[in-house]
1. One residue is enough: does the stretch C:19-33 have a residue meeting the conditions surrounded by fewer than 19 Cβ atoms within 10 Å (Cβ to Cβ), of a type in the set (F, W, Y) and within 30 Å of B:R422 (Cβ to Cβ)?
2. Looking only at the stretch B:389-420, which residues are facing chain C (nearest Cβ under 7 Å) and either assigned to a loop (DSSP other than H, G, I, E, B) or in contact with a strand residue (DSSP E or B) (Cβ under 7 Å, 6 or more places away or on another chain) (or both)?
3. Which helices (runs of 4 or more DSSP H) sit wholly inside the stretch A:127-218 and have at least 3 residues that are more than 14 Å from chain C (Cβ to nearest Cβ) and surrounded by fewer than 17 Cβ atoms within 10 Å (Cβ to Cβ)?
4. For A:D86, state whether it is among the charged types (D, E, K, R) and crowded, with 24+ Cβ neighbours inside 10 Å.
5. Looking only at the stretch B:56-73, which residues are part of a strand (DSSP E or B) and surrounded by fewer than 17 Cβ atoms within 10 Å (Cβ to Cβ)?
6. Within the set of pairs 6 or more residues apart or between chains, which connect a residue that is at positive phi inside the stretch B:169-193 to a residue that is modelled with pLDDT of 80 or more and assigned to a loop (DSSP other than H, G, I, E, B) with Cβ atoms less than 9 Å apart?
7. Can you name every residue in the stretch A:8-41 that is under 30 Å from B:L175 (Cα atoms) and either among the β-branched types (V, I, T) or without any contact (Cβ under 8 Å) to a residue 24 or more places away in the chain (or both)?
8. I'd like to check which strands (runs of 3 or more DSSP E) are fully inside the stretch B:74-172 and have at least 3 residues that are away from every other protein chain (no Cβ under 14 Å).
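The values are calculated or read from the model by the stated rules, or taken from the named source; none is laboratory data. Quick caveat, the model's predicted, so the values are computed rather than measured. Ideal geometry is used to build each Cβ from the backbone, glycine not excepted, and the neighbour counts take in all protein chains shown.
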Amino acid sequence: MKIFLRSREAQLIAAILVMVAAIAFRFPAFITPSNLALVFNDTSILIILAFGQMAVILTRCIDLSIAANLALCGMISALINVAYPDLSLVVVLTVVVLAGAIFGAINGLLVWKLDIPSIVVTLGTMTIFRGTIFLLTNGAWVNAHEMSDAFKAFPRSTLLGLPILSWFAIIIIGIIWLVMTRTAFGRSLYAIGGNPVAAVYVGIDVGKARFWAFVLSGALAGLSGYLWISRYAVAYVDIASGFELDVVAACVIGGISISGGIGTVGGALLGALFLGIVKNALPVIHVSPFWQMAISGIVIIIAVAFNARAERKKGRIILKSAEAKA
Amino acid sequence: MKIGGTLAAGPFQRHSMPLPPRKPVTRMETPQNDIVGTAPVFSLSGISKSFPGVRALHNVALELFPGQVTALIGENGAGKSTLVKIMTGIYQPDAGEIRVNGSVVKFPAAHHASLAGVTAIHQETVLFDELTVAENIFLGHAPRNRFGLIDHPAMRAKAKALLFGIGADVDPETLLRDLGIASKHLVAIARALSIDARVVIMDEPTAALSHKEIAELFTLVDQLKSQGKAILFISHKFDEIFRVADRYTVFRDGEMVGAGLVKDTNHDKLVKLMVGRDIGQVFPKGESKFGDVVLKVRNFCHPTEFESISLYLRAGEILGFYGLVGAGRSEFMQALFGMTKPSRGTVELEGKPIVVNNAARAVQHGIVYVPEERGRQGTVAGLPIFMNITLPSLHVTSRSGFLKLANEFDLARTYTQRLDLRASSLSQDVSTLSGGNQQKVVIAKWLATKPKVIILDEPTKGIDIGSKAAVHAFMSELAREGLAVIMVSSELPEVLGMSDRIIVMREGRMAGEFSRQEATPELLVRAAAGISEQAA
Amino acid sequence: MSGNATPRQLPDRLGSRAKDLIYSWETLLLLVLAAVFTINSFASPYFLDPWNLSDATFNFTEKALIALAMALLIISGEIDLSVAAIVALASTMMGYVASLGGGTFAMVLTGILTGLLCGAFNGTLVTHFKLPSIVVTIGTMSLFRGISFIILGDGVFKGYPPEFAWFGQGYVWWVFSFEFIFFLAAAMIYTILLHKTSFGRTVFAIGNNQTAALFSGVRVGRVKFTLFLLTGLMSGIASVMLTSRLGSTRPSIAMGWELEAITMVVLGGVSILGGSGTIPGVVIAAFIMCLVTFGFGLLNVPGIVMSIFVGLLLILVIAAPIVYRHISQRRT
């Protein structure tokens, strides 16, 4: 229990509760279940992407192409829908997830086989992915009226009172939680980031695990691509532009260490929710939404400072008396 | 054990850790006789291994017997760590054979060694701080449920049983980072047991443990023995060796110089084997002429690392610092050099009190430090030799901030020549040099600043014999020229051969001070290990 | 060593510097530049017109100014992702001063001071609080641009004094704009700073091995703080030019510039892991990106397609030596 209270999750829950309580004090409507469900729904895509980014960051890499990948896969789904309006959504979903995974695999292969720093690789693929959207469409938009109703309606349709979009997020939370805590792959991601040398000692292939982290990140970006396009019912080159930074921010706020090996599924979820609540609360408390960016900037800086303090290694304690006190 | 960055990324497979029951790697040959301990379960013969510029191991042999503890004894740099890396598949030997149960095997990667039942518990525990105890124990071979997912309840239960079996009071669900060093060791031991090891290597397992914890560890070693495991126990501490070991093997300078049963030997014989060399001949120690006191340290304290260190140092004097690894010597030296902040104490240089709160200030005052971790703290790999040498002297070689390459080359040439550096040119990348020559570059860098006090931390660690002699000779020469020298060393002959005076540290405190005349190997070893006269 | 029969003198260097120069990254970049130049002049009749070429430089000088300082920062092993946000904030502050009736001098001073302050803020967080620069500057990137949004919302500052336009639109002599001449001067200064001063030497030392530099008495924190300050300064100057050129300020100004500046730096041969690189390389890379953009523009290729090209170039340029090494290793 004591350990939990010191954890990032507990700090975030406390911060979120304080924030929500303060808002609710003046604007009780904010904490009605229906409004909170709206906030969650609005944050769903950020949550899904944060998990992909988390897997990559755990291995001491970073995926800056995640939003561009989303945009490209989103455009692919829109174009498929325009060309074959009657095609089953299951097929569309399968295609975007696969496409995203392949784009992620390109990142992963460059990092794994050529040892290029992930920041350079994904900086490059980020512009390539966006450029590819332009090549596919010649810069044209795919507008709402060109998409089929089923395509647009699916994420909004409700199941048990929640939109399908929210259910996607919930299911992904479950799957990622299983992957991270219950599979050898998930645990190996932590091992690689925490102690790469020791990971080799226990027989983990560091490069290969990184590759799969990028594939996972890509697949989730692909899925998010469809969700984004269908939700906003428009597709063009610049959708979700700059969103990769929100995703990294959610991870950092969630306590995922940029130097790898540290971070939990709960942390990433709460980090994303924190940003989502800030974004949704501002209009409610009559603060101009233009404050959102500066606020998330300050939150990121504070979160990094917290992360760094938690990570600062204790030196070797040689004196027995000091050890007893410590 | 220090883990170098030189691991070749082998074609390891992620899921290839063995699930018990283990696949037999070698044909199980039934020993000719039933008496446990007569046939070695693991043996090495003719093993050699070289690195650029260093011969780490030469034609060494080792045999481990089931149910017995073999102590591996040797100074730092004797080749023990390299041997452990060969036994666990991290390094490949240049020559020689590894046999498990009599059959020749090869360990091309780490998991091959663990498949064969060889596991190591390392000095600086190589585990994962952010994973739980249970996950650390079972990483790579966790129990699975029928969906193929990690079966946490089963893993927890198994971990609990393993930990209980070794008497460890550790909750399998705690994160490793929340444990103390002793508990981490226990987790490492549990991991070793979880893969059903036949051979357990314990690399200086007691280096960071308290007396009580050491006693508990020994109980555990006895338990492992009774389970028929073959144990390789690496330690500097003689009392521990006599307490737990059945057999011993002594390494010196990468060669095996002795082996036998512990009951047939004694403390003195082992020290002699380990130290070996005739001390007077190797070390070029001339007549010492001392000048005035240059450095005076009073009651230097650090909150966690050392306490009440006081010393004086005269010009022309070499002051040796002896102690076991982790005794706080390097930590003290780095505080003196301004890298860490002491909590109390004063430093006087040439009679004037000085405050050294960063390395730049220390260098200005004329106190310089040749670090033990040469690759990390000494040389700037990627820069050429001359830039390494002039780095602290740029204010001298440059004019109002603008570089003067000709001055830099002059300075570098002068000092590389003095130190007889072996290189093709001054523009060669320093990382392409051998360990000994890199050390010469670091020393040249500091001499170029014309220091008053030079601190050498394990100056000959990991360098070849030839360069060692050169460094020793040079150290004497420096002292003769009136430089005040502090030398930290864990090598007895070096300390005894080079020092005018010797301070021994143990557990962060001064454990004795000896003049050159009164110092003997036995005295130093006893002071460092804290053994009383009777125990030895 | 004294007493040694044959004291050896090491040569300063083996081989000639000229040979090193011929096989250098910069030479390769120059060849690429020449190729781009040749292809462009064949592809479009408008390319070789001096006024067209001069116009083309406006597109990149401001980013390249930032890239100069960024190169030093990356060589030292750090990075600043907030540069474009600094440009936006500095532009907003200039607009604010102008709206209060400030003249050209007050505006320029404000722009430069804002840049310096932002750089100092980044530098303090990284060197004093020891935070990783990549995430800190993601945070300050959001913060700086966020402040611009708070001040401006979806509004715009415009109506700057006419003299102010000179910084981004004026010409010093013939086709040579103030921006371009300033960039050449800055490139010269940064070349000297990095390659000819002891400060530059410590930057390389820190980038190759920060710990060893610290253990050699280098004041690592002070050097890094200076580099963040310089990056802020260059962003402030770039902001003055951009604001002057556009004649207006919106909070979304200079969006995405950090990536273009970093691409210039990496394309210029600076290792993203720190420790190596040259300013001439970065300058040539900036020219290549300028001419490629310009050439594509003349051929009516949209900017976004050109960004694919830049992305591919970035990865290929980094991958080529690695692939080459892999192949040559396999052969031996």
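1. Looking through the stretch C:19-33, at least one residue is surrounded by fewer than 19 Cβ atoms within 10 Å (Cβ to Cβ), of a type in the set (F, W, Y) and within 30 Å of B:R422 (Cβ to Cβ).
2. Those that are facing chain C (nearest Cβ under 7 Å) and either assigned to a loop (DSSP other than H, G, I, E, B) or in contact with a strand residue (DSSP E or B) (Cβ under 7 Å, 6 or more places away or on another chain) (or both): B:S398, B:G401, B:F402, B:L403, B:L419, B:D420.
3. Counting at least 3 such residues, we get A:149-153, A:164-182.
4. So A:D86 fails the test.
5. Of all residues in the stretch B:56-73, those part of a strand (DSSP E or B) come to B:56-64, B:69-73.
Across the stretch B:56-73, the qualifying residues are B:N59, B:A61.
6. That search, which allows pairs on different chains as well, returns nothing.
7. Passing the criteria: A:A10, A:I13, A:A14, A:I16, A:L17, A:V18.
8. By residue number, B:95-100, B:103-105.
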